[in-house]
Every structure is written in structure tokens, then in C-alpha cells.
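Peer 1: Before I ask anything, let me first share the structure, which is written out below as C-alpha cells.
The values are calculated or read from the model by the stated rules, or taken from the named source; none is laboratory data. Keep in mind that this is a model prediction, so the values were computed, not measured. Cβ: placed from backbone, ideal geometry, glycine included. Neighbour counts: every protein chain shown.
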Amino acid sequence: MNQYLIPENAIITVAGTVGVGKSTLTAALAEQLGFKTSLEQVDHNPYLEKFYHDFERWSFHLQIYFLAERFKEQKKIFEMGGGFVQDRSIYEDTGIFAKMHADQGTMSKTDYETYTSLFDAMVMTPYFPHPDVLIYIEGSLPSILNRIKERGREMEIQTDVTYWEHMYERYSKWINEFDACPVLRLNIEEYDVHDPESMKDILKRVGDMISTSAASK
Ligand SMILES: Nc1ncnc2c1ncn2[C@@H]1O[C@H](COP(=O)(O)OP(=O)(O)O)[C@@H](O)[C@H]1O
Ligand SMILES: Nc1ncnc2c1ncn2[C@H]1C[C@H](O)[C@@H](COP(=O)(O)O)O1
């Protein structure tokens, strides 16, 4: 146990819409805590760029790819006995992305059903521990769009702003209904990743949340 009362085998997952700051916060918290990171790999994804050019053609391929990658990470976290900060949850793949494309008609009904049945089968395996806490990062849409622009991934910058608007709305609803584990909501205006005190404050809140949740079980 560390000074934050976070168990050494804990799993802390960072969630939120594209560009909000998940990867950056994941790295900063893991460093402060001495935990390992589970990061989303964008550079080696063989479908992502194609997907942004043609959602209909590639959305199913991309979801299967992300599901496989995410599941391998879950398995790794399980086998290594936890102690991870994880960049994005598997719940977002299904609850936000796959659903959004199915609803918008850029993933067929059959493909969505195939994807969902595979996801459900994977969740039922022992490799699927729920996080101890899910940190949900939120902020204003203009600030997030600005971050997407500044980060400079051309495929995201070229994507119509309505895509990000729809995703933003979905995330706001999704998090209000999310109940798979305790949630710590953080606004991007309330922390500074470069300030160790600010990271410690977040970790203290994570530790409090884990202790409260353990006491109520
Ligand atoms: N706390 C922060 N303050 C200012 N800029 C940030 C902060 N967190 C992330 N950024 C910047 O915002 C952009 C998106 O951050 P990133 O962590 O890659 O987001 P995500 O993983 O959620 O897509 C990057 O350019 C990053 O440097
Ligand atoms: N499940 C997903 N479906 C479609 N696109 C996805 C999915 N998961 C991540 N993405 C995209 C969104 C971004 O362009 C990159 C990386 O996400 P980020 O939020 O920047 O870490 O992958």
C-alpha cells in the first residue's frame, strides 16, 4: 500500500472523449504512483487512417482490431497482477464508438450484432477485471477541439466537426449511466499534469474512492 492507500494491484482506468487528455494524464499518474501504463497504440493501427476516410467500409474492421488490442491489454494486466493505469476503457469501444457508428448507419446491423456478441463473450472471461476506479475527464467542447487540432493528427483534424460533437454528447450521457465501477470525474480546468501536487491530489481522491468502495462491500 502507498501513501494514497491505493493497493499495489489496483487498476485505474482513464476515460473520456478523443483529445481530452487521457494519454497525458495516464502517463503522469502512473509515474507518480510507480504503476505500469497500458496505452492505446495509434501509430501502428492498420485501420485507423482508412477508417477516417471511409467509416462505412472500415468501421467493423476497426472495432474488431480495437477489441483484440484491448483484450490483449486486459489479459496482460490480469496476468501481471494489476498495478496499472490504463488509457481508455473497453467499455468506451462498445458503449460509445461501435454504438455510434451502428446508430449512424456507418456500421451495419449485422456487423454490430456480431461485434456485440464477441464483446459479451470476452467480458465473461476471467481476464476481465473491472477497474477499481474509472477517472472520467471532461471539459468544454471548444477546448477539446483545440487539443485535437494542436495534437496534429491529420486524420482527426480533417474529420467533420459534427463527428466530435456527436461523440461529445454521447460521452456526456454514457458517463451518467456508467455503473461498472466507481467514477471520479475530473474537469480539465482543475488539474495540471506538470504539477506533482496536482497529480498527488488526484491520487488521494482515487485512494479515498477505493477505500470507500471497499468499506461498502
Ligand atoms: N492537462 C493538459 N493541459 C494542456 N494540454 C494537455 C493536457 N492534457 C493533454 N494535453 C494536450 O492535449 C492533446 C491531447 O492529449 P492526449 O493525452 O493525447 O488526449 P487523449 O489521449 O484523450 O486523446 C495533446 O496535444 C496533449 O499534449
Ligand atoms: N473503438 C474505437 N472506434 C473508433 N475509433 C476509435 C476507437 N477507439 C479509439 N478510436 C480512435 C479515436 C482516435 O482517433 C484514436 C485514439 O483515441 P484517443 O482518444 O486519442 O486516445 O483512436
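Peer 1: Within the stretch 167-184, track down each residue that is closer than 21 Å to V85 by Cβ, in a helix (DSSP H, G or I) and either out of contact with any helix residue (DSSP H, G or I) (no Cβ under 7 Å at 6 or more places or on another chain) or more than 16 Å from ligand 1 (Cβ to nearest atom) (or both).
Peer 2: The answer is I175, and nothing else.
Peer 1: Going through the stretch 185-200 one residue at a time, which ones are part of a helix (DSSP H, G or I), more than 16 Å from ligand 2 (Cβ to nearest atom) and either over 17 Å from K22 (Cα atoms) or touching a residue at least 60 places away in the same chain (Cβ under 8 Å) (or both)?
Peer 2: Those that are part of a helix (DSSP H, G or I), more than 16 Å from ligand 2 (Cβ to nearest atom) and either over 17 Å from K22 (Cα atoms) or touching a residue at least 60 places away in the same chain (Cβ under 8 Å) (or both): P196, E197, M199, K200.
Peer 1: Which of the numbered conditions does E154 fail, given that it passes all the others? Conditions: (1) within 16 Å of ligand 2 (Cβ to nearest atom); (2) crowded, with 17+ Cβ neighbours inside 10 Å.
Peer 2: Result: E154 fails condition (2) only.
Peer 1: Another question, if that's okay. Being under 27 Å from D192 (Cβ atoms), hydroxyl-bearing (S, T, Y) and modelled with pLDDT of 95 or more: is that true of Y112 here?
Peer 2: For Y112, the condition - under 27 Å from D192 (Cβ atoms), hydroxyl-bearing (S, T, Y) and modelled with pLDDT of 95 or more - is not met.
Peer 1: Scanning for something more than 9 Å from ligand 2 (Cβ to nearest atom), within 18 Å of the chain's Cα centre (by Cα), surrounded by fewer than 21 Cβ atoms within 10 Å (Cβ to Cβ) and assigned to a helix (DSSP H, G or I), does the stretch 48-63 turn up at least one residue?
Peer 2: No, that holds for no residue.
One line per residue, one yes/no per condition, for (1) within 16 Å of ligand 1 (Cβ to nearest atom); (2) in contact (Cβ under 8 Å) with a residue 40 or more places away in the chain:
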| position | (1), (2) |
| --- | --- |
| E40 | yes, yes |
| F55 | no, yes |
| H61 | no, no |
| Y65 | no, no |
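Peer 1: Something else about it: What pairs come out if I take residues in the stretch 92-105 that are within 16 Å of ligand 1 (Cβ to nearest atom) and pair them with residues that are not in a helix (DSSP H, G or I) whose C-beta lies under 6 Å away, six or more apart or interchain?
Peer 2: Here the result reads E92/A15, each pair linking the stretch 92-105 to a residue that is not in a helix (DSSP H, G or I).
Peer 1: In the set T159, T114, T125, T106, which member is polar (S, T, N, Q) and in a helix (DSSP H, G or I)?
Peer 2: Checking each option against the conditions leaves just T114.
Peer 1: Okay, moving on. Could you figure out which of (1) part of a helix (DSSP H, G or I); (2) hydrophobic (A, V, I, L, M, F, W, C); (3) under 23 Å from R147 (Cα atoms); (4) in contact with a strand residue (DSSP E or B) (Cβ under 6 Å, 6 or more places away or on another chain) isn't true of I77?
Peer 2: (3)
Peer 1: Of all residues in the stretch 160-184, how many are touching a residue at least 60 places away in the same chain (Cβ under 8 Å) and within 19 Å of G21 (Cα to Cα)?
Peer 2: 8
Peer 1: Moving on to the next point. Can you report the number of residues in the stretch 158-182 which are under 20 Å from L48 (Cα atoms), β-branched (V, I, T) and surrounded by 13 or more Cβ atoms within 10 Å (Cβ to Cβ)?
Peer 2: Result for the stretch 158-182: 1.
Peer 1: Something else now. Consider the stretch 22-34. How many of its residues are touching a helix residue (DSSP H, G or I) at 6+ places or on another chain (Cβ under 6 Å) and closer than 19 Å to E156 by Cβ?
Peer 2: 0
Peer 1: If I filter the stretch 8-38 down to residues being away from ligand 1 (no atom under 16 Å from the Cβ) and more than 23 Å from Y91 (Cα to Cα), which single residue comes out as surrounded by the fewest Cβ atoms within 10 Å (Cβ to Cβ)?
Peer 2: Looking at residues that are away from ligand 1 (no atom under 16 Å from the Cβ) and more than 23 Å from Y91 (Cα to Cα), I get G34.
Peer 1: Here is a further query. Any residue at all in the stretch 134-142 that's buried (at least 18 other Cβ atoms within 10 Å of the Cβ), in contact with a Ser or Thr (Cβ under 6 Å, 6 or more places away or on another chain) and not in a helix (DSSP H, G or I)?
Peer 2: yes
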